1. Examine the range 56-70 for a residue that is at pLDDT 65 or above and of a type in the set (Phe, Trp, Tyr), and state whether such a residue exists.
2. Tally time: how many residues in the range 41-55 are surrounded by 14 or more Cβ atoms within 10 Å (Cβ to Cβ) and either modelled with pLDDT of 85 or more or not aliphatic (A, V, I, L, M) (or both)?
3. List the pairs whose first member sits in the range 30-58 and is without any contact (Cβ under 8 Å) to a residue 60 or more places away in the chain, whose second member is among the acidic types (Asp, Glu), and whose Cβ atoms are under 7 Å apart, counting only residues at least 6 apart or on separate chains?
4. Looking at ARG78, is it at pLDDT 80 or above and under 30 Å from ARG136 (Cβ atoms)?
5. Can you find a residue in the range 5-23 that is of a type outside the set (Val, Ile, Thr), within 29 Å of the chain's Cα centre (by Cα) and farther than 20 Å from GLU82 by Cα?
6. Limited to the range 33-82, what total is found for residues that are over 26 Å from ALA16 (Cα atoms) and not hydrophobic (A, V, I, L, M, F, W, C)?
7. Among the listed residues ALA33, ALA13, identify the single one that is part of a helix (DSSP H, G or I), touching a Lys or Arg at 6+ places or on another chain (Cβ under 9 Å), surrounded by 11 or more Cβ atoms within 10 Å (Cβ to Cβ) and not polar (S, T, N, Q).
Amino acid sequence: MSWGFDADLGLLADTAGEVGEAVTLARQMQQRADALRGEVATLGAPPVQQAARGFLERWGYGVRLIDDDTSWAADGLRACAEVYADVEQGVVDAMGSLASGLTKAPQVARDFLTDRTMPNPEGVADAMRDGIDTIRDVLG
């Protein structure tokens with residue numbers, strides 16, 4: 001059952017890594033731009049220096065924007081992959097608790113039918129209640 005979503009955790013993690021590499025590249029580009037700013041004075045005529053400074057400022061501004069947005073996206077993808085993995089594990093654990101309760105139910109019923117002893121449904125109910133509570137916790 002997917003409750004309307006399906007996440008490929010490997011793809012999320014891979015994409016977060018690739019976006020993280022883009023962040024690193026953007027930061028390297030910014031460092032190179034900073035290094036070039038020091039060399040602008042050696043370019044000769046003032047109009048060439050001014051054009052070079054203007055270009056480096058605009059380029060640096062764009063790279064900073066890319067860095068900010070890309071960092072945010074990479075962090076979000078990593079967090080999303082972690083949350084999906086936690087939810088998936090929580091659902092698996094909850095289903096295990098439910099299954100445990102359900103597997104006890106036939107034996108309780110059999111004991112009642114053969115021994116005519118009143119069953120103790122508490123164990124079954126507790127296991128099922130634990131599973132349901134776990135699912136509620138996981139799904140928020």
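The values are calculated or read from the model by the stated rules, or taken from the named source; none is laboratory data. Fair warning: this is a prediction, and the values are worked out from it, not measured in the lab. Cβ placement follows ideal geometry from the backbone for every residue including glycine, while neighbour counts extend to all protein chains displayed.
1. Checked the range 56-70: at least one residue is at pLDDT 65 or above and of a type in the set (Phe, Trp, Tyr).
2. At the first step, the residues of the range 41-55 found to be surrounded by 14 or more Cβ atoms within 10 Å (Cβ to Cβ) are 43, 49, 52-53.
Right, trim to either modelled with pLDDT of 85 or more or not aliphatic (A, V, I, L, M) (or both) and you get 49, 52-53.
So the count comes out to 3.
3. What qualifies is GLN30/ASP67.
4. Criteria met by ARG78.
5. yes
6. Residues that pass the stated criteria total 14.
7. Residue meeting the stated conditions: ALA13.
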